[in-house]
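What follows is a short report on a single structure.
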Amino acid sequence: MSDIIEEIPAFLRELFTKEYPSEADRIVRGLVRRPLTLRANTLKSSAEEVAAALKGSGFSFERMPWYRDAFLLRGEQRDIEESALFAEGKIYLQSLSSMLPPLFLSPAAGESILDMTAAPGGKTTQLSALSGGRALITACEKDKIRFGRMKFNLARQGAGRVNAMQTDALKLDEFLRFDKILLDAPCSGSGTLVLGEETKISPKLVENCARLQKQLLQKGLKLLKKGGILLYSTCSLLKEENEEAVESALSAGATLVPLSPPEGIPLLTGRAGTLTVCPDGRFEGFFLAMLRK
Ligand code: SAM
């Protein structure tokens, strides 16, 4: 093992080494600054229009084979937030890994969908776009400031028919039922650290997140229709926030729906059927599992 692993907090070093014995070094090497990536917002534009406008403004970019709306900006990433595309909500700046949960949830017109922990709304707006604006989405967020940011993003992205609720998802009415639920859970962010930059991650944070994640997951399963699908995701790589949460859902009677990774996504070994994206120069570390009630 190389010395690079010395650059992350000691407790995390121990956990990565214990949980990914042959991959810890690869993980840590991937904790680097990533190029800017964005999603064409098909509620207001199209991938073709965005590609043409980016080209016209002199941006050099790459398309992703697994998602036509995803773009990676090459070279110097100047001024994208000054562009008309950005101001008009025709694009949304979003990491590649975080585009995966809505793709797997595959929302359709008329389906009732709950985004349990939704701010700032990147995945909510993507869910809306993927359904052509025709899924019945409820977006729940506890934090007042983040909720405000989400409302702004929903409006700018043209996701006008989303029902936004500023509330604790744990307190949602027990009698509500949804066809599909996204639980993009609050997490320690262990997959998104950048070597050399300050981090607030601590054993206490991991423990608190793990507890809350299991509570939210149990609540999500209650709010799901029988046969409905819940997509659980985090931007952490720690088993206590990922596989252990999944185990708690399986113990409560849910079943795992195996996920097949699209071509070109860097993966770590993990529980069969779930996906753990390895951080690298493009992707942030991320975990996904799909559960059926
Ligand atoms: N899905 C969002 C996106 O793509 O833009 C990111 C969600 S972020 C990982 C988790 C969010 O959960 C945070 O905004 C946090 O404030 C919120 N949150 C934490 N506890 C919550 C709770 N009990 N109920 C609702 N939201 C909660």
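The values are calculated or read from the model by the stated rules, or taken from the named source; none is laboratory data. Not measured: the values here are computed from a predicted model. Ideal geometry is used to build each Cβ from the backbone, glycine not excepted, and the neighbour counts take in all protein chains shown.
A compact table of results
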item: Some residue of the stretch 221-242 being under 20 Å from Met290 (Cα atoms) and assigned to a helix (DSSP H, G or I); result: yes
item: Residue in the stretch 11-29 that is in a loop (DSSP other than H, G, I, E, B) and exposed (fewer than 14 other Cβ atoms within 10 Å of the Cβ) present; result: yes
item: Residue check, Glu82 more than 16 Å from the ligand (Cβ to nearest atom) and modelled with pLDDT under 95; result: yes
item: Residue list for the stretch 272-293, filter: modelled with pLDDT of 95 or more and farther than 19 Å from Leu216 by Cβ; result: Ala272, Gly273, Leu275, Thr276, Val277, Cys278, Pro279, Asp280, Arg282, Phe283, Glu284, Gly285
item: Count of the stretch 243-256 residues which are surrounded by 21 or more Cβ atoms within 10 Å (Cβ to Cβ) and either touching a Ser or Thr at 6+ places or on another chain (Cβ under 6 Å) or not in a helix (DSSP H, G or I) (or both); result: 1
item: Subset of the stretch 140-161 [under 19 Å from Gln215 (Cβ atoms) and surrounded by 20 or more Cβ atoms within 10 Å (Cβ to Cβ)]; result: Cys140, Glu141
item: Test: residue in the stretch 257-268 that is modelled with pLDDT of 95 or more, touching a Lys or Arg at 6+ places or on another chain (Cβ under 6 Å) and over 20 Å from Leu205 (Cα atoms); result: yes
item: Residue selected from the stretch 104-128 under the condition within 13 Å of the ligand (Cβ to nearest atom) and assigned to a helix (DSSP H, G or I), by the criterion surrounded by the fewest Cβ atoms within 10 Å (Cβ to Cβ); result: Gly122
item: Identity of the residue in the stretch 134-184, part of a strand (DSSP E or B) and within 11 Å of the ligand (Cβ to nearest atom), that ends up farthest from Leu105 (Cα to Cα); result: Gln166
item: Filtered residues of the stretch 143-178 (kept if of a type outside the set (A, V, I, L, M, F, W, C) and closer than 23 Å to Lys225 by Cα); result: Arg161, Asn163, Gln166, Thr167, Asp168, Lys171, Asp173, Glu174, Arg177
item: Members of the stretch 162-176 found to be more than 19 Å from Lys214 (Cα to Cα), loosely packed, with under 14 Cβ neighbours inside 10 Å and of a type outside the set (S, T, N, Q), listed by number; result: Phe175, Leu176
item: Subset of the stretch 191-234 that is of a type outside the set (Asp, Glu) and free of Cβ contacts under 8 Å to residues at least 12 places away in the same chain - its residue that is farthest from the ligand (Cβ to nearest atom); result: Lys204
item: Exclusive hit being away from the ligand (no atom under 13 Å from the Cβ), buried (at least 17 other Cβ atoms within 10 Å of the Cβ) and among the polar types (S, T, N, Q), set Ser188, Ser131; result: Ser131
